[in-house]
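What follows is a single structure, written as structure tokens, with notes after it.
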């Protein structure tokens, strides 16, 4: 049984993540490196999501499977970068980055990155 999250839902969740990351400095009163990292992560995710082959993309350049492959190294970066920069010294930043990592990991693990390949395979077999 494939994971339950397909390209449409994953794309919507990613855009929600972008908004959350962009608003996190204000919502959680983050400053310094924590604030900067939130904006960097938001921009990185926005660029990837807007170019990924999913229903909400601006331009469908990156295959959805590759999107997943690119997200894989970003997951540990959500904790490693704040640690290296000292952003985790702020209690609110620790809460945000650890919580956000948990959400992003859950989204990653529950996403079917091969959904489009399976669908196109079914379409070709039906012909």
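The values are calculated or read from the model by the stated rules, or taken from the named source; none is laboratory data. Since we're looking at a predicted model, the values are computed, not measured. As a convention, Cβ positions derive from the backbone with ideal geometry for all residues, glycine included, and neighbour counts pool all protein chains shown.
Being surrounded by 16 or more Cβ atoms within 10 Å (Cβ to Cβ) and either in contact with a strand residue (DSSP E or B) (Cβ under 7 Å, 6 or more places away or on another chain) or free of Cβ contacts under 8 Å to residues at least 60 places away in the same chain (or both) is the filter here; which residues of the stretch 16-36 pass it?
Within the stretch 16-36, 18, 22, 25, 33, 35 qualify.
For the stretch 52-73, which residues satisfy the criterion of being surrounded by fewer than 16 Cβ atoms within 10 Å (Cβ to Cβ), out of contact with any helix residue (DSSP H, G or I) (no Cβ under 7 Å at 6 or more places or on another chain) and part of a helix (DSSP H, G or I)?
Across the stretch 52-73, the qualifying residues are 66, 69, 72, 73.
Would you check if residue 13 is within 9 Å of the chain's Cα centre (by Cα) and either under 16 Å from residue 77 (Cβ atoms) or in a helix (DSSP H, G or I) (or both)? Let's see the steps before the verdict.
Details: within 9 Å of the chain's Cα centre (by Cα): yes; either under 16 Å from residue 77 (Cβ atoms) or in a helix (DSSP H, G or I) (or both): yes.
It is true that residue 13 is within 9 Å of the chain's Cα centre (by Cα) and either under 16 Å from residue 77 (Cβ atoms) or in a helix (DSSP H, G or I) (or both).
Can you work out which of the residues in the stretch 78-119 that are in contact with a helix residue (DSSP H, G or I) (Cβ under 7 Å, 6 or more places away or on another chain) and not in a helix (DSSP H, G or I) is surrounded by the fewest Cβ atoms within 10 Å (Cβ to Cβ)?
Across the stretch 78-119, the extreme among qualifying residues is 86.
Output yes when any residue across the stretch 79-95 is under 11 Å from the mean Cα position of the chain (by Cα) and modelled with pLDDT of 95 or more, and no when none is. Let's see the steps before the verdict.
So in the stretch 79-95, the residues under 11 Å from the mean Cα position of the chain (by Cα) come out as none.
No, every residue in the stretch 79-95 fails to be under 11 Å from the mean Cα position of the chain (by Cα) and modelled with pLDDT of 95 or more.
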